[in-house]
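Chemist: Structure in C-alpha cells, see below.
The values are calculated or read from the model by the stated rules, or taken from the named source; none is laboratory data. Just so we're clear, the structure is a prediction, and the values are computed from it rather than from any experiment. Cβ placement follows ideal geometry from the backbone for every residue including glycine, while neighbour counts extend to all protein chains displayed.
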Amino acid sequence: MSKINGKTIWLTGASSGIGLALAEQLAAEGANLVLTARNEEKLREIANRLPGTHLVLPMDLSRPEKAVNRAEAFLDDIKVDILINNAGISQRSLALETDFEVYRDLMEVNYFSVVALSKLIAPRLVNQGDGHIVTVASVAGKVGSKRRSGYSGAKFAVIGFMDCFRAELADKNVRCLTVCPGFVHTQIAHNALVGDGSALGQADPDNAGGISAAQCAAEIITAIKADKDEIIVGKGLSKAAPVLQRFLPGLVRRMVAKRN
Ligand SMILES: NC(=O)c1ccc[n+]([C@@H]2O[C@H](COP(=O)([O-])OP(=O)(O)OC[C@H]3O[C@@H](n4cnc5c(N)ncnc54)[C@H](O)[C@@H]3O)[C@@H](O)[C@H]2O)c1
C-alpha cells in the first residue's frame, strides 16, 4: 500500500520554502493535504493550483493552545494519516542583544507547537493502528552556532521530544521521523527574528548557498517511505557538522567560534 497516495497529510508551514515544496510533491503523488500557515489567502491559492483536493487550516503556531482548539474542531471528521510539523522560525541575533520574549516566541513556534500538534494527532494514529509524525528540526538542533541561541535551543529540544515520542510509540505502529536540514535556500533567514523580535528582512549567504527546497522535500518524502527515524539533509559542512561534532567536538567548537 502506498505511503503517500490517497493518504491525508496535515502539513504546517505550507506557504513557503520546504513546506511549499513538500505540498507540491506530496500532491503530485496523490496525497490529500491539510495546509497550515498563517496566511489564509496564500494557502487557498496554493490549494487551488495543486492537483487533487486539499483543505486549508490557517493558524498562528506561536499560540499552540489556540491552534490545538481550532484544529480539534476542524479535524473532527478527518482521518489524518501523517502529520508534518514543518513550520518554523529562525533567529539572527547574539544572545546578549536578544530580548527574552524572542526566546519565548522561538520556543512557541519551533517547540511547543510541535508538542501540541503531535499530542493532538498521536492518539488518533494509535487508534488507527498506523501513522506517521514528521518533524522538521535542524542541524542547528545538533550543533550550536552564533546568533541562533534561541533557535538552536528550540531545535535541540524538539529533537529530544521526538526521540522520546518515537520510543513511546514504537510498539503502536506510529513512526516518528526527525528531519535535520543543513542550509536550504528558502525565506528562513529573511523571516528570522533579530534581538527586538522584528524580522531580519534580508537573505543570508549560507541559506542562499544551500540545497533547494525541492531537494530537501524529496529527501523527506523518501525517508517517510523508508520508515527512517532521523535524517540529516543538505550538503557540505552543514551536512557533515553533526558527525564532526560527535567525533571531533573540540574542532567543531573552534570552527563555530570563528564563524560569524
Ligand atoms: N532553510 C533552512 O536552511 C533550514 C535549515 C534547517 C531547518 N529548517 C527548518 O525547516 C522548516 C521550514 O523552514 P523554511 O526553510 O522552509 O523557511 P520559510 O520561512 O520559507 O518557511 C517557514 C514556514 O513556517 C511558517 N510559519 C512560521 N511561523 C509561523 C507561525 N507562527 N504560525 C504558522 N506558521 C508559521 C511560515 O508561514 C512558512 O510557511 C522550519 O522548521 C525551519 O526551522 C530550515
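Chemist: Can you tell me how many residues within the stretch 207-260 are over 29 Å from ALA28 (Cβ atoms) and of a type in the set (Asp, Glu)?
Modeler: Total meeting the criteria: 0.
Chemist: If you don't mind, another one. I need a count of the residues in the stretch 18-44 that are part of a helix (DSSP H, G or I) and either more than 13 Å from the ligand (Cβ to nearest atom) or touching a Phe, Trp or Tyr at 6+ places or on another chain (Cβ under 9 Å) (or both).
Modeler: Residues that pass the stated criteria total 5.
Chemist: Sticking with this one: I'd like the full set of residues that are buried (at least 22 other Cβ atoms within 10 Å of the Cβ), in contact (Cβ under 8 Å) with a residue 40 or more places away in the chain and polar (S, T, N, Q), limited to the stretch 5-36.
Modeler: THR12, THR36
Chemist: Scan LYS66, LYS79 and give me the residue that is among the basic types (Lys, Arg) and more than 13 Å from the ligand (Cβ to nearest atom).
Modeler: Exactly one of LYS66, LYS79 is among the basic types (Lys, Arg) and more than 13 Å from the ligand (Cβ to nearest atom), namely LYS79.
Chemist: Let me ask something additional. Could you check how many residues of the stretch 151-172 are more than 16 Å from the ligand (Cβ to nearest atom), farther than 22 Å from ILE221 by Cβ and surrounded by 17 or more Cβ atoms within 10 Å (Cβ to Cβ)?
Modeler: 0
Chemist: Which one is surrounded by the most Cβ atoms within 10 Å (Cβ to Cβ), of the residues in the stretch 49-63 that are more than 13 Å from the ligand (Cβ to nearest atom) and without any contact (Cβ under 8 Å) to a residue 24 or more places away in the chain?
Modeler: Checking each candidate, the answer is LEU55.
Chemist: Condition first: in contact with a strand residue (DSSP E or B) (Cβ under 9 Å, 6 or more places away or on another chain), at negative phi, touching a residue at least 60 places away in the same chain (Cβ under 8 Å) and not in a helix (DSSP H, G or I). Can you find one or more residues in the stretch 102-110 that meet it?
Modeler: No, there is no match, as no residue in the stretch 102-110 is in contact with a strand residue (DSSP E or B) (Cβ under 9 Å, 6 or more places away or on another chain), at negative phi, touching a residue at least 60 places away in the same chain (Cβ under 8 Å) and not in a helix (DSSP H, G or I).
Chemist: Filter the stretch 204-223 for residues that are modelled with pLDDT under 95 and within 11 Å of the ligand (Cβ to nearest atom); which is farthest from GLY88 (Cα to Cα)?
Modeler: Checking each candidate, the answer is GLY209.
Chemist: Condition test on ALA241, is it within 15 Å of the ligand (Cβ to nearest atom), over 24 Å from ILE9 (Cβ atoms) and in contact with a His (Cβ under 7 Å, 6 or more places away or on another chain)?
Modeler: So ALA241 fails the test.
Chemist: Sticking with this structure for a sec: Closer than 28 Å to GLY129 by Cα, among the aliphatic types (A, V, I, L, M) and touching a helix residue (DSSP H, G or I) at 6+ places or on another chain (Cβ under 8 Å): does that describe LEU57?
Modeler: yes
Chemist: Could you please find all residues in the stretch 185-209 being in a helix (DSSP H, G or I) and polar (S, T, N, Q)?
Modeler: The answer is ASN191, ASN207.
Chemist: Now for a different question. For the list (1) in a helix (DSSP H, G or I); (2) within 18 Å of ALA223 (Cβ to Cβ); (3) more than 16 Å from the ligand (Cβ to nearest atom); (4) of a type outside the set (A, V, I, L, M), I need the number of the one condition that ARG175 fails.
Modeler: The number of the failed condition is (1).
Chemist: Continuing with the same structure: Could you grab me the full set of residues in the stretch 103-138 that are within 12 Å of the chain's Cα centre (by Cα) and near the ligand (Cβ under 10 Å from one of its atoms)?
Modeler: VAL109, ASN110, SER113, VAL114, THR135, VAL136, ALA137, SER138
Chemist: Output the residue which, of all residues in the stretch 139-148 that are basic (Lys, Arg) and out of contact with any Pro (no Cβ under 9 Å at 6 or more places or on another chain), is farthest from the ligand (Cβ to nearest atom).
Modeler: So, considering only residues that are basic (Lys, Arg) and out of contact with any Pro (no Cβ under 9 Å at 6 or more places or on another chain), the one farthest from the ligand (Cβ to nearest atom) is LYS146.
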